[in-house]
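What follows is a set of notes on a single structure, which appears directly below.
The values are calculated or read from the model by the stated rules, or taken from the named source; none is laboratory data. Bear in mind the structure is a predicted one, so any value in this text is a computation, not a measurement. Note: ideal-geometry Cβ built from the backbone for every residue, glycine included; neighbour counts use all protein chains shown.
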Amino acid sequence: MKILKYLFLLALLSLVALTVFVATQKGIFSVERSKVINSPRASVYNYVNDFRNYEDFESWALEDSSLKMTYPNKTSGNGASFYWTGSEGNGNAITLKTKEGESIEQKMKYDGTEADVQWTFKDTLAGKTKVTWKAKGTMSFLFKVYSALNGGSNKVIGTIYEKSLANIDKNLDYETRTFAVKVNGVVKKTETPYIKQTFTSEIQKVYKNARVVIPKLIHFSETNGLSANGKPFIIYHTYNTTTGLAKISICLPTNKEISTSAGSDILAGKLNGFEAVKTTLTGDYSHTSEAITKTTSFINKEKLTPELSWSHLEILALSKLDVKSPSKLMTEIYFPIKSKVIEPVVETAATPAYKPQTQPAQVKPATPATAAPKTEEEQSEF
C-alpha cells in the first residue's frame, strides 16, 4: 500500500511540476511551411481563398469525424468567415485582407488559442505555384500542455500545415483536372417561374458570385412561403469573351409566380419554354469553355439555327453546395436554338458557321400578359 501511495504522490508531483513549467512558458508561437503546388497560381489562390474548401484539405478537419463546419453567405474574399465545432473544441476564422492572386491575411481563434495567418502565392517554373503558410499567435494553456507533450508548437502545427498543403496539391491536381463533357442533343425546356438577381459579372467570377447569391435567394423563398422547384440556374443574357464580361441572372426556380415589391434587389421572372442543345459538364467549372466548344461544334455539324437574342443557360445540377469534390460537380448547359420549320430551301450562299455570342445582344421583349400588368423586370425573360 505504501508503494502505491508513493507512486501516486510521485505522479501528482510530476503533474504539478509539468503544470508549473507549462504555465511559466510564454505561449507565443511562430510556424511557417512552404510547398510547390502542381497547379497555376490563380487556381491555387481561388481554392485557398474560399473557406468552403477547407474541410477538403485541412488535415485536422479530415481526421476529426465529429467536426461540423458552418458557413455564412460570404466564404471568400475580405470579410469571409466560417465556424467549426467538434469533440476537441470550437473555433472560427475570418479573412481580413486579400491581394488578388498574391496573398491572404486571416485571423483564427480556437478555444483560447489565437493566430494571425498569412498565405502567399508565387509563380514557379512550368506553371506551378509556391505556397507559403505562416501563423503567429498565442496558445491557450491546454494547447501549451499538448504542445509540450508532443514536441512543441512548431512540430504540432507544422505537421498539420505540411499534411494540409499536400492535400491542396492532391485535390487541385486530380479533382480540378478530372472532368467529362457530353453533348446530350436537342431538348425542350419547359416554362419555369423563378426569383433572381441580375447584374454584370466577370465571366471567371460567375460561379463565385453564384455561391453568394443562391443562399440569399433560398432565404428569400423560405421567408416568403415559396418552395424551390428544381436546381438553381444562371441565365447568360450576354457572354462577351472579348471583354471577359457577362450580363447574368442568377435564379432559383419556384413553385409559383410572384410579384416583388418596388426597390427589392430580388426580382421575379418567368422562363418561357424553348428548344436547346443540352450539354452536361461533369467536373470543375473551369472546364466550361470545353463544354461550350463541343456544343458549338454540334450546332454547326447538325446545321441548327441558334437563337441569338440571348446566350445560354446553365443549371447547377450538382454545385459546391451539394458536393465537396470538384470532379463530382455537374452543370447542365442549354444553348437556345430556333425550332425547325419545314419549308423550301433556296441555297444562295454558304450558311456561316455558328459561333458563341461575344457581343451584347438585346433580349426579346416579353409577350404581353393577359392578367394584371407586371413591371418590366417581372415579365418573362424570353
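Which is touching a Pro at 6+ places or on another chain (Cβ under 6 Å), in the same structural domain as GLU314 (by TED's automatic domain parsing) and β-branched (Val, Ile, Thr), of THR254, THR260, THR241? If you could, list the steps in order and put the result at the bottom.
Details: THR260 fails: touching a Pro at 6+ places or on another chain (Cβ under 6 Å); THR241 fails: touching a Pro at 6+ places or on another chain (Cβ under 6 Å).
Only one candidate passes the filter, namely THR254.
Limited to the range 127-164, what total is found for residues that are among the β-branched types (Val, Ile, Thr) and in contact with a Pro (Cβ under 7 Å, 6 or more places away or on another chain)?
1
Within the range 176-189, can one find any residue that is touching a strand residue (DSSP E or B) at 6+ places or on another chain (Cβ under 7 Å), aromatic (Phe, Trp, Tyr), farther than 30 Å from GLY127 by Cα and touching a residue at least 24 places away in the same chain (Cβ under 8 Å)?
There is no residue in the range 176-189 that is touching a strand residue (DSSP E or B) at 6+ places or on another chain (Cβ under 7 Å), aromatic (Phe, Trp, Tyr), farther than 30 Å from GLY127 by Cα and touching a residue at least 24 places away in the same chain (Cβ under 8 Å).
Can you tell me which residue among ASN224, ASN209 is touching a Ser or Thr at 6+ places or on another chain (Cβ under 6 Å), of a type outside the set (D, E, K, R) and not assigned by TED's automatic domain parsing to the domain that holds THR113?
ASN209
Name the residue that is modelled with the highest pLDDT, counting only residues in the range 34-50 that are surrounded by fewer than 19 Cβ atoms within 10 Å (Cβ to Cβ) and hydrophobic (A, V, I, L, M, F, W, C).
So, considering only residues that are surrounded by fewer than 19 Cβ atoms within 10 Å (Cβ to Cβ) and hydrophobic (A, V, I, L, M, F, W, C), the one modelled with the highest pLDDT is VAL36.
Could you give me the residue pairs with C-beta distances under 7 Å whose first residue belongs to the range 152-167 and is at negative phi, whose second residue is surrounded by 16 or more Cβ atoms within 10 Å (Cβ to Cβ) and among the polar types (S, T, N, Q) wherever it lies, and which are 6+ apart or on separate chains?
As it stands, the answer is SER153/SER147; VAL156/SER147; ILE160/SER59; LYS163/SER59; SER164/SER59; ASN167/SER59, since those pairs meet every condition given.
Kindly provide the set of residues from the range 312-340 that are among the aliphatic types (A, V, I, L, M), farther than 18 Å from GLY185 by Cα and crowded, with 20+ Cβ neighbours inside 10 Å, ordered by number.
Once the filter is applied, which keeps residues that are among the aliphatic types (A, V, I, L, M), farther than 18 Å from GLY185 by Cα and crowded, with 20+ Cβ neighbours inside 10 Å, the range 312-340 yields LEU316, LEU329.
Only one residue in GLY137, GLY101, GLY127 is within 18 Å of ASN53 (Cβ to Cβ) and touching a residue at least 60 places away in the same chain (Cβ under 8 Å), so which one is that?
Of GLY137, GLY101, GLY127, the one residue that is within 18 Å of ASN53 (Cβ to Cβ) and touching a residue at least 60 places away in the same chain (Cβ under 8 Å) is GLY101.
Could you tell me which residue of the range 82-116 is surrounded by the most Cβ atoms within 10 Å (Cβ to Cβ), considering only residues that are under 19 Å from LYS208 (Cα atoms) and aliphatic (A, V, I, L, M)?
Among residues in the range 82-116 that are under 19 Å from LYS208 (Cα atoms) and aliphatic (A, V, I, L, M), the one surrounded by the most Cβ atoms within 10 Å (Cβ to Cβ) is ILE104.
Which residue is farthest from GLU302 (Cα to Cα), if the candidates are limited to the range 162-183 and must be polar (S, T, N, Q) and in a helix (DSSP H, G or I)?
From the range 162-183, those polar (S, T, N, Q) are 164, 167, 171, 176, 178; that's our starting set.
Next, only the ones that are in a helix (DSSP H, G or I) stay: 164, 167, 171.
Working: SER164: 48, ASN167: 44, ASN171: 38 Å.
The extreme case among them is SER164.
Residue-by-condition table, conditions (1) buried (at least 16 other Cβ atoms within 10 Å of the Cβ); (2) over 25 Å from the mean Cα position of the chain (by Cα):
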position: ILE203; (1), (2): yes, no
position: TYR207; (1), (2): yes, no
position: ASN229; (1), (2): no, no
position: PRO232; (1), (2): yes, no
position: LEU252; (1), (2): yes, no
position: ALA276; (1), (2): yes, yes
position: THR279; (1), (2): yes, no
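State all residues of the range 57-75 that are acidic (Asp, Glu) and surrounded by fewer than 19 Cβ atoms within 10 Å (Cβ to Cβ); if no residue qualifies, say none.
Those that are acidic (Asp, Glu) and surrounded by fewer than 19 Cβ atoms within 10 Å (Cβ to Cβ): GLU63, ASP64.
Which ranges mark the strands (runs of 3 or more DSSP E) fully within the range 223-291 that have 3 or more residues being basic (Lys, Arg) and over 15 Å from LEU313 (Cα atoms)?
Working: elements: 233-240, 245-253, 267-271, 274-282.
Filter on the range 223-291 gives an empty set.
Specify which of the listed residues (GLY152, GLY127, GLY79) is within 20 Å of the chain's Cα centre (by Cα), surrounded by fewer than 16 Cβ atoms within 10 Å (Cβ to Cβ) and in the same structural domain as SER34 (by TED's automatic domain parsing).
Result of the check over GLY152, GLY127, GLY79: GLY79.
Run down LYS216, LYS196 and say which single residue is of a type in the set (Lys, Arg) and part of a helix (DSSP H, G or I).
Details: LYS196 fails: part of a helix (DSSP H, G or I).
The match here is LYS216.
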